[in-house]
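Engineer: Following this message is one structure expressed as structure tokens.
Please treat every number below as a calculation from the coordinates, not as lab data. Predicted, not measured: the structure shown is a model, and the values here were computed from it. Using ideal geometry, Cβ is built from the backbone for each residue, glycine included, and neighbour counts are taken over all protein chains shown.
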Amino acid sequence: MGVYLLTNENLNQHAQDILSRLDDQKKKAISAQEVAEELEKFLEYGVPVKQAKQTLLKKFGVNTSVPPDSVERTLLADLQPNKRNVKLITQVVSINPKDIMVKGQPRTIFTGLLRDESGTLPFTAWDKPAMNEGDIVEIANAYTREWQGKVQLNFGNQVIIEQKEKDVLPKETFEPKKVTINEINPLVGTVEMTAKVLSIEEKEITVNQEKKSMFTGVLGDSTGKIPFTAWKDFKLSKDSTILIKGGYVKSFRGMPQINLDENAEVKKQKKQIKESDIPTRSLHLFELDDNPGMYDVAVSGRVIEIQQGSGIVLRCPECNQVLREDGCRVHGKVDGIPDLRIKCVVDDGTGSVKTVLNREQTEKIIGKTMDECKQMNPEELHSLLNESLFARIVSMNGNSLQDFYGSTFLADNIEVVNEDVEKKVDHVRNLLEELE
Amino acid sequence: MKREPAWRVFAMEYNDSMISMKGEAKMAPSYVLTPLGSKVNRLFFVGVLTDVEVMSEDGSFVRAHVSDPTGVFTLFSGQYQPEMTEKLQSFDIPSFVAVTGKSRSYQPDDGDAMYASVRPEEIVEVNASLRDQWILETIIHTKNRIEAVKEASSMDAVTMDALVDVGFYKPIAEGISIAFDQYDRLLVEKYVQMLQDAVDYISMGEQAEATTTKLESSSSESSMGTEPKMPTTTVDEQDEEAEEIVMNVIKSHEGEDGISWDEITKRCEKEGLDDVRVDETLNSLMDKGLIYEPVLGTIKTT
């Protein structure tokens with residue numbers, strides 16, 4: 001058995017080497033002396049120095065497989081699936097917390113979008129990465145997976161993030177992409193677009209104890225509508241048509257939005273977009289599942305389930321949340337305020353969406369007031385809800401949101417559609433002729 | 001996690017399914033894959049509840065049948081959903097019902113037959129108009145799938161993306177990309193005919209309704225007017241219906257060498273015919289010369 005004993009000087013050198021690669025917390029927890037002793041133990045057993053160091057680094061939670069400096073940078077467009085030790089130089093376009101369930105436990109992860117001169121790519125981080133929107137960063141020790149034929153970029157606990165200057169990326173990286181509203185998704189990054197300001201509202205916010213104005217509203221073009229937030233005063237006015245260069249897309253509560261900050265340029269356009277040319281997009285329900293959130297769209301389908309929690313419910317007088325059997329989740333035992341609602345699933349055969357009808361909508365559809373409903377026993381009321389709504393077509397206008405459990409529709413209005421069977425028979429007969 | 005859509009398929013297409021799929025993960029959903037590429041985990045249909053039968057002594061397991069113009073859905077509900085099992089037994093027979101349910105399939109160890117059934121999640125009594133609406137809607141959905149299968153026939157490689165590119169909805173494109181190589185393409189013509197029959201069925205119902213509604217006061221009673229083939233029909237019509245079911249079974253499942261008597265009985269039982277009835281009907285079809293028995297116990301169409 002060959003024994004690799006080192007002089008004390010060399011041993012300390014190696015111990016320092018190991019220490020220098022630990023994070024601050026670990027550095028405090030262990031002394032150079034202790035590291036040296038552990039290292040020596042391995043060496044006494046004939047473990048080569050290189051291996052012994054690797055083993056200790058691993059023990060202290062440092063990724064040893066490849067030192068970050070020896071890895072070449074990859075462009076986002078060239079990333080391959082199932083790679084470890086990925087190194088990137090990118091700008092952070094967006095970063096958002098996301099609540100997911102892992103083995104039945106809620107957990108917050110972070111997702112967002114990166115870009116470099118080759119394109120954009122979404123990422124997922126299991127812990128909050130040390131970077132903010134707009135930062136230029138070097139990311140080392142990330143890894144990739146494949147999901148439905150696409151590359152997924154992940155940051156595990158080995159990831160190393162370092163801030164860089166803007167000039168490490170070529171200029172064209174920051175050029176906005178020309179889009180129309182129907183092409184906008186959270187992956188698109190910064191955009192150039194022409195749109196009409198359909199509404200705008202000024203809001204006062206306090207940032208670092210300083211009062212500031214921000215503006216929120218809705219933009220529209222010939223393909224749809226999208227909400228926006230302007231973080232400075234671009235002197236926008238309702239009904240004007242504007243050219244935006246360098247706005248960026250970010251999801252807010254699951255809905256993509258245009259954000260205009262000091263990097264954005266806004267110019268008024270002479271040629272106006274007519275309001276009548278701005279459509280409310282009509283979608284099939286499966287399309288909602290493919291989009292993180294849709295603003296002002298029209299959908300329809302049949303009610304295929306009236307869910308638990310429909311009918312008379314009690315709400316917390318403090319926070320308006322629906323009470324559970326043991327009271328409010330936040331405020332405990334309280335005197336609940338009665339309300340009437342229907343929670344249901346609407347399905348068009350291609351996809352489905354959950355929606356909640358409020359008191360007014362429910363009363364209109366079942367033809368009874370909340371007070372009348374209170375007189376009924378819950379089973380009787382549930383039957384009435386089924387009778388009024390189950391299997392019927394409803395059409396809705398509003399916004400869709402997506403969460404872990406699927407799509408939810410926040411309906412501004414909802415209507416039960418009564419189809420004329422006789423007319424439809426003729427329509428269907430004509431359609432069938434196409435099959436001949 | 002996406003909620004599974006409730007497919008609109010007719011009983012004939014659903015019952016013709018020979019393929020089931022299950023993901024590898026522990027809680028992965030299972031699917032019944034129909035010949036027209038519906039990848040069914042959940043389905044929604046409206047039809048006539050024709051019978052509910054208690055299958056176990058303690059009443060915890062029931063079987064029910066819901067009929068549409070093309071065939072019969074078989075529903076099973078057991079001890080894991082006692083409320084639904086009890087509810088099923090509370091309906092008048094016959095009545096119009098709308099059902100949201102999960103697909104189930106059963107493959108006996110012997111042979112490659114598969115039986116697709118439904119575990120109801122919700123069932124609610126509805127009116128005749130909603131039933132007619134469902135038929136029309138399901139015709140349109142089925143037509144889209146037929147067109148996608150036809151389109152797929154002209155493709156070098158049938159993939160989801162290729163079908164989406166020519167304008168088919170993603171859920172349909174996905175199902176057809178899987179089903180296309182696994183089913184006989186000639187079946188498509190059978191479903192074109194099925195749709196034609198279904199639309200004729202409604203027109204017939206409309207005429208019947210026009211003559212009967214005047215006589216009847218409440219809307220739930222008048223709904224029977226749209227149901228010319230249901231239990232109020234005469235013995236002759238019932239015979240005709242049985243013949244149609246048996247012929248359909250034979251036509252769709254006979255191979256080069258015909259189909260065994262036993263398999264016909266099994267498949268027809270699923271459509272709501274008992275074995276005595278199947279035997280009578282087979283004899284009557286042989287008398288009419290529509291089928292023959294090339295080998296004892298095997299039937300073939302002429």
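Engineer: Which pairs, out of A:Lys28/A:Lys59; A:Lys177/A:Lys232; A:Lys53/A:Lys128, put more than 19 Å between their alpha-carbon atoms?
Structural biologist: A:Lys177/A:Lys232; A:Lys53/A:Lys128
Engineer: Let me check I've understood the local charge: for B:Ala152, count other residues with C-beta under 13 angstrom from its C-beta, Lys and Arg +1, Asp and Glu -1. What total comes out?
Structural biologist: Summing Lys/Arg as +1 and Asp/Glu as -1 gives -4.
Engineer: Using the per-residue mean of other Cβ atoms lying within 10 Å as a proxy for protection, in what order, highest first, do the peptides A:227-236, A:336-345 fall?
Structural biologist: A:336-345, A:227-236
Engineer: Right, something else. What's the center-to-center distance, using Cα atoms, between the range A:74-112 and the range A:211-227 in Å?
Structural biologist: Here the two parts' Cα centres lie 28 Å apart.
Engineer: Whose amide H sits under 5 Å from the amide H of A:His284, counting only residues 5 or more places off or on another chain, with H placed in the peptide plane?
Structural biologist: none
Engineer: Equivalent-ellipsoid semi-axes (√(5λ), Cα gyration tensor) for the range A:317-436, whole Å, largest first?
Structural biologist: Semi-axes, largest first: 36, 19, 11 Å.
Engineer: Using the Cα atoms of the range B:27-168, I'd like the radius of gyration and the largest Cα-Cα distance, Dmax, both in angstrom.
Structural biologist: Rg and Dmax of the range B:27-168, Cα atoms, are 17.5, 56 Å.
Engineer: I'd like the mean, over residues of A:425-436, of how many other protein chain beta carbons sit within 10 Å of each residue's own Cβ.
Structural biologist: Per residue, the average neighbour count from other chains is 5.
Engineer: Please list, by residue number, every one of the GluC sites (Glu not before Pro) in the range A:6-98 that is coil in DSSP and has at most 12 other beta-carbon atoms within 10 Å.
Structural biologist: A:Glu72
Engineer: Which net charge results when you count Lys and Arg as +1 and Asp and Glu as -1 among the other residues whose beta-carbon is under 14 Å from that of A:Arg341?
Structural biologist: Charge balance near A:Arg341 sits at +4.
Engineer: Along the Cα→Cβ direction, 7 angstrom out, place labels at B:Ile178 and A:Glu415. What is the inter-label distance in nm?
Structural biologist: 3.8
Engineer: I need the fraction of alpha carbon pairs in chain B separated by more than 34 Å, rounded to a whole percent.
Structural biologist: Counting pairs separated by more than 34 Å, the tail of P(r) holds 23 percent.
Engineer: Within 10 Å of each Cβ of A:295-302, how many other protein chain Cβ atoms are there on average?
Structural biologist: 2
Engineer: Same structure, new question: Add +1 for every Lys or Arg and -1 for every Asp or Glu among the other residues with Cβ under 13 Å from the Cβ of A:Phe409, and state the total.
Structural biologist: Net of charged neighbours comes to -4.
Engineer: Along its three principal axes, how long is the range A:107-150 when you only count alpha carbons? Whole Å, largest extent first please.
Structural biologist: On the principal axes, the range A:107-150 reaches 32, 29, 18 Å in Cα extent.
Engineer: Compute the semi-axes of the equivalent ellipsoid of the protein assembly as shown, taking the square root of 5 times each eigenvalue of the Cα gyration tensor, and list them largest first in whole Å.
Structural biologist: 57, 36, 27
Engineer: Given just the C-alpha atoms of chain A, how large is their convex hull per residue in cubic angstrom?
Structural biologist: 267
Engineer: Next up: Can you find, among A:Cys319, B:Val126, A:Gly293, the residue farthest towards the positive end of the dipole of the protein assembly as shown? Put +1 on the C-beta of Lys and Arg, -1 on that of Asp and Glu.
Structural biologist: So the residue we want is A:Cys319.
Engineer: Ok, one more. Could you quote the convex hull projected area for the range A:82-207, Cα atoms only and averaged over all directions, in nm²?
Structural biologist: 11.0
Engineer: Moving on to the next point. Would you please give the FRET efficiency between A:Met214 and A:Glu434, computed as 1/(1 + (r/R0)^6) with r the Cβ-Cβ distance and R0 = 60 Å, to the nearest 0.05?
Structural biologist: After rounding, the FRET efficiency stands at 0.70.
Engineer: If amide H atoms are built 1.01 Å from N in the plane of the peptide, which residues on other chains or at least 5 residues away come under 5 Å of the amide H of B:Val126?
Structural biologist: B:Phe96, B:Val97, B:Ala98
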